[in-house]
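Q: Okay, handing you the structure first.
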Protein chains: 2
Amino acid sequence: MEISKDHPRYRSLVTREHMGEMVREGIVAPTGLIAHGRGEAFDYLIGERTTTEAQGAERAAVALLMGAKRPVITVNGNAAALAAKGLADLARLTSSKLEVNLFHRSEERVQKVCDYLEEQGGIRVLGRVPDATLPHIASDRAKCTLEGIFSSDVVLIPLEDGDRAMALKKMGKKVIAIDLNPLSRTSLAADIAIVDELTRAVSGMLAFAKELRLDPKERERALASFNNHENLAITLEGICQNLRRRARSV
Amino acid sequence: MEISKDHPRYRSLVTREHMGEMVREGIVAPTGLIAHGRGEAFDYLIGERTTTEAQGAERAAVALLMGAKRPVITVNGNAAALAAKGLADLARLTSSKLEVNLFHRSEERVQKVCDYLEEQGGIRVLGRVPDATLPHIASDRAKCTLEGIFSSDVVLIPLEDGDRAMALKKMGKKVIAIDLNPLSRTSLAADIAIVDELTRAVSGMLAFAKELRLDPKERERALASFNNHENLAITLEGICQNLRRRARSV
């Protein structure tokens, strides 16, 4: 379908078409589109821009990844479809491993998402052969690799389900979420919740990684000044202010 | 996939699977799932319940349909997938015509949605053979029938795109929207915007239709006491209060 550039939601419609194409290619699960739509709505409420609070979270997250011993970035179908190249770059800049981890797991889709990530620059992507199981969680979603998620100390989980976020926390890992819903179980369980659209969050993090790479003192400061629940509360207040402002301008 | 009944979003996950199935059957367009997800997020913010404001809008909407000369209920793929039977019942109780009208139009899908609506109780569903065009709007979405949408005086548009809502308004029609986003162009353009999840809205409207059927005075009162922008503003204020309450209970 031809989308008119005048349409007020042009960018979101173009991304929709791309996500539809990614379903046809078998990267994104059909119901992954519903999750994408949920995110779209929250992004609309946030104002479709990276807030100051999200910037603080992105900076702290990069500092946490850079200070970790065994950092891992998990990637599901939606994350790969939206930001495979950026996530691969981020893994390289923060010396993190990449592991594919699906909500609707099928062997075929795991292979496809791993291959896609590697085509987009991901190095030795884990997840094709899971050899470990997360405790505290049922179903196929517990599957992971010993080398990657299971042994990690810090995990970045973009667009993750609440059950898995909480299971990772219970294992004692530091969890960084990228999630547009500031009240999701994932955002609340995380040590650092980045409430930002994935592609914007990743490009912000890449910039911060370049800045913080050679400055361990500044990395400490970024972490020390970050408080997740306080940050989420300010984000929520911002959403309310946006709603009220739009209501007034109606 | 087996969904655990303990999952906090059980009902929404079951609906997701149903919508995925409706994509496989060709009733819902793949990107219709994204629109569904957007709605889910707004419903979450509203509290997944019918607000007092939505009840007022549903009652006024039924009164408007019942007082109309040529009322039409439009149905797209998502609306059919979620509430075909309820919409067919509502059409009967309010003497409205049903017309299928798709955002991503294909002849095949129009046929399928029309057939599906008729299987679920819809009588003589219009839209298979469009013979009129809405002004003020480009693309395939302008197609409609002379007997239905084109000649209508009141149109109920569940889950409709803003462009079409505005085009219908410009033609001088009274527009009733069912849309979970209280700030969407559709909600703002409508004479009556029902900010409620579709299945809850339709079942509320069916109850009001039974109540108001024999009471034209009460129908007048329901309409006279309704103010769309005031109602939307109260809905928005409720969303803000929900967000703050949840933020406090974190």
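The values are calculated or read from the model by the stated rules, or taken from the named source; none is laboratory data. Small disclaimer: the values here were computed from a predicted structure and weren't measured. Heads up, the Cβs are rebuilt from the backbone with ideal geometry, glycines too, and the neighbour counts pull from every protein chain shown. Heavy atoms of the whole protein, side chains included, go into the accessibility calculation; ligands, DNA and RNA do not. Shrake-Rupley method; radii C 1.70, N 1.55, O 1.52, S 1.80 Å.
Q: I'd like to know if the stretch A:57-80 contains one or more residues that are among the basic types (Lys, Arg) and part of a helix (DSSP H, G or I).
A: If we filter the stretch A:57-80 for residues that are among the basic types (Lys, Arg), which is where we start, we get A:59, A:69-70.
From what is left, the residues that are part of a helix (DSSP H, G or I) are A:59.
Yes.
Q: More than 8 Å from every other protein chain (Cβ to nearest Cβ), hydrophobic (A, V, I, L, M, F, W, C) and touching a Leu at 6+ places or on another chain (Cβ under 9 Å), is that true of A:Ile46?
A: Details: more than 8 Å from every other protein chain (Cβ to nearest Cβ): yes; hydrophobic (A, V, I, L, M, F, W, C): yes; touching a Leu at 6+ places or on another chain (Cβ under 9 Å): yes.
For A:Ile46, the condition - more than 8 Å from every other protein chain (Cβ to nearest Cβ), hydrophobic (A, V, I, L, M, F, W, C) and touching a Leu at 6+ places or on another chain (Cβ under 9 Å) - is met.
Q: Which pairs do you get when a residue that is farther than 16 Å from A:Asn78 by Cα and in contact (Cβ under 8 Å) with a residue 24 or more places away in the chain, found in the stretch A:162-183, comes within reach of a residue that is open to solvent by 10 Å² or more (accessible area, probe 1.4 Å) and assigned to a loop (DSSP other than H, G, I, E, B), reach meaning Cβ atoms under 6 angstrom, with the pair 6+ apart or on two chains?
A: Hits for this filter: A:Asp163/A:Ile137; A:Ala167/A:His136; A:Ala167/A:Ile137; A:Lys170/A:His136; A:Lys174/A:Asp191.
Q: May I pose another question? Considering only residues that are surrounded by 23 or more Cβ atoms within 10 Å (Cβ to Cβ) and either within 14 Å of another protein chain (Cβ to nearest Cβ) or of a type outside the set (Val, Ile, Thr) (or both), which ones fall in the stretch B:134-149?
A: Filtering the stretch B:134-149 for residues surrounded by 23 or more Cβ atoms within 10 Å (Cβ to Cβ) gives B:144, B:148-149.
The answer is B:Cys144, B:Gly148.
Q: Would you check which residues across the stretch A:192-248 are hydroxyl-bearing (Ser, Thr, Tyr) and over 16 Å from the mean Cα position of the chain (by Cα) and list them? Lay out the reasoning, then the answer.
A: To start, the set of residues in the stretch A:192-248 that are hydroxyl-bearing (Ser, Thr, Tyr) comprises A:199, A:203, A:225, A:235.
Across the stretch A:192-248, the qualifying residues are A:Ser225, A:Thr235.
Q: Here's something else I'd like to know. Determine which single condition B:Ala68 fails, assuming it passes every other condition in (1) more than 10 Å from chain A (Cβ to nearest Cβ); (2) open to solvent by 10 Å² or more (accessible area, probe 1.4 Å); (3) in contact with a helix residue (DSSP H, G or I) (Cβ under 7 Å, 6 or more places away or on another chain).
A: (3)
Q: So B:Lys5 clears everything in (1) open to solvent by 10 Å² or more (accessible area, probe 1.4 Å); (2) under 18 Å from the mean Cα position of the chain (by Cα) except one condition, right? Which one?
A: (2)
Q: Quick test for you: out of B:Gly26, B:Gly20, B:Gly56, pick the one residue that is surrounded by fewer than 23 Cβ atoms within 10 Å (Cβ to Cβ), more than 30 Å from A:His18 (Cβ to Cβ) and not aliphatic (A, V, I, L, M).
A: Working: B:Gly26 fails: more than 30 Å from A:His18 (Cβ to Cβ); B:Gly20 fails: more than 30 Å from A:His18 (Cβ to Cβ).
After ruling out the rest, the residue left standing is B:Gly56.
Q: With touching a Ser or Thr at 6+ places or on another chain (Cβ under 8 Å), within 14 Å of chain B (Cβ to nearest Cβ) and part of a helix (DSSP H, G or I) as the only criterion, which of A:Glu17, A:Glu21 stands out? Write out each step before concluding.
A: Numbers: A:Glu21 fails: touching a Ser or Thr at 6+ places or on another chain (Cβ under 8 Å).
That would be A:Glu17, the only listed residue that is touching a Ser or Thr at 6+ places or on another chain (Cβ under 8 Å), within 14 Å of chain B (Cβ to nearest Cβ) and part of a helix (DSSP H, G or I).
Q: Another question, then. Please go through the stretch B:203-235 and pick out each residue that is within 14 Å of another protein chain (Cβ to nearest Cβ), more than 24 Å from B:Leu87 (Cα to Cα) and of a type outside the set (Val, Ile, Thr).
A: Passing the criteria: B:Asn227, B:His229, B:Glu230, B:Ala233.
Q: Looking only at the stretch A:18-40, how many residues end up being touching a helix residue (DSSP H, G or I) at 6+ places or on another chain (Cβ under 8 Å) and free of Cβ contacts under 8 Å to residues at least 12 places away in the same chain?
A: Here is the first cut: in the stretch A:18-40, the ones touching a helix residue (DSSP H, G or I) at 6+ places or on another chain (Cβ under 8 Å) are A:18-20, A:22-23, A:25-40.
With the extra rule that they be free of Cβ contacts under 8 Å to residues at least 12 places away in the same chain, the set shrinks to A:23, A:30, A:34, A:37.
Residues flagged as touching a helix residue (DSSP H, G or I) at 6+ places or on another chain (Cβ under 8 Å) and free of Cβ contacts under 8 Å to residues at least 12 places away in the same chain within the stretch A:18-40 amount to 4.
Q: Run down A:Thr15, A:Thr50 and say which single residue is in contact (Cβ under 8 Å) with a residue 40 or more places away in the chain, open to solvent by 30 Å² or more (accessible area, probe 1.4 Å), within 21 Å of A:Arg200 (Cβ to Cβ) and over 16 Å from the mean Cα position of the chain (by Cα).
A: On the way: A:Thr50 fails: over 16 Å from the mean Cα position of the chain (by Cα).
None of the other options fit; the residue is A:Thr15.
Q: Still on this structure: Take B:Phe150 and decide whether it is aromatic (Phe, Trp, Tyr) and either assigned to a loop (DSSP other than H, G, I, E, B) or under 26 Å from B:His36 (Cα atoms) (or both).
A: Working: aromatic (Phe, Trp, Tyr): yes; either assigned to a loop (DSSP other than H, G, I, E, B) or under 26 Å from B:His36 (Cα atoms) (or both): no.
Here the answer is no, as B:Phe150 does not meet what is asked.
Q: Can you tell me which residue within the stretch B:84-123, out of those that are surrounded by fewer than 15 Cβ atoms within 10 Å (Cβ to Cβ) and either more than 26 Å from B:Glu197 (Cα to Cα) or modelled with pLDDT under 95 (or both), is nearest to the other protein chains (Cβ to nearest Cβ)?
A: Among residues in the stretch B:84-123 that are surrounded by fewer than 15 Cβ atoms within 10 Å (Cβ to Cβ) and either more than 26 Å from B:Glu197 (Cα to Cα) or modelled with pLDDT under 95 (or both), the one nearest to the other protein chains (Cβ to nearest Cβ) is B:Ser106.
Q: Further question: Hey, can you tell me all the residues within the stretch A:150-162 that are over 15 Å from the mean Cα position of the chain (by Cα) and either within 13 Å of chain B (Cβ to nearest Cβ) or crowded, with 24+ Cβ neighbours inside 10 Å (or both)? Break it down into steps so the answer makes sense when it comes.
A: The first filter runs over the stretch A:150-162 and keeps only residues over 15 Å from the mean Cα position of the chain (by Cα), leaving A:150-153.
The one that is over 15 Å from the mean Cα position of the chain (by Cα) and either within 13 Å of chain B (Cβ to nearest Cβ) or crowded, with 24+ Cβ neighbours inside 10 Å (or both): A:Ser152.
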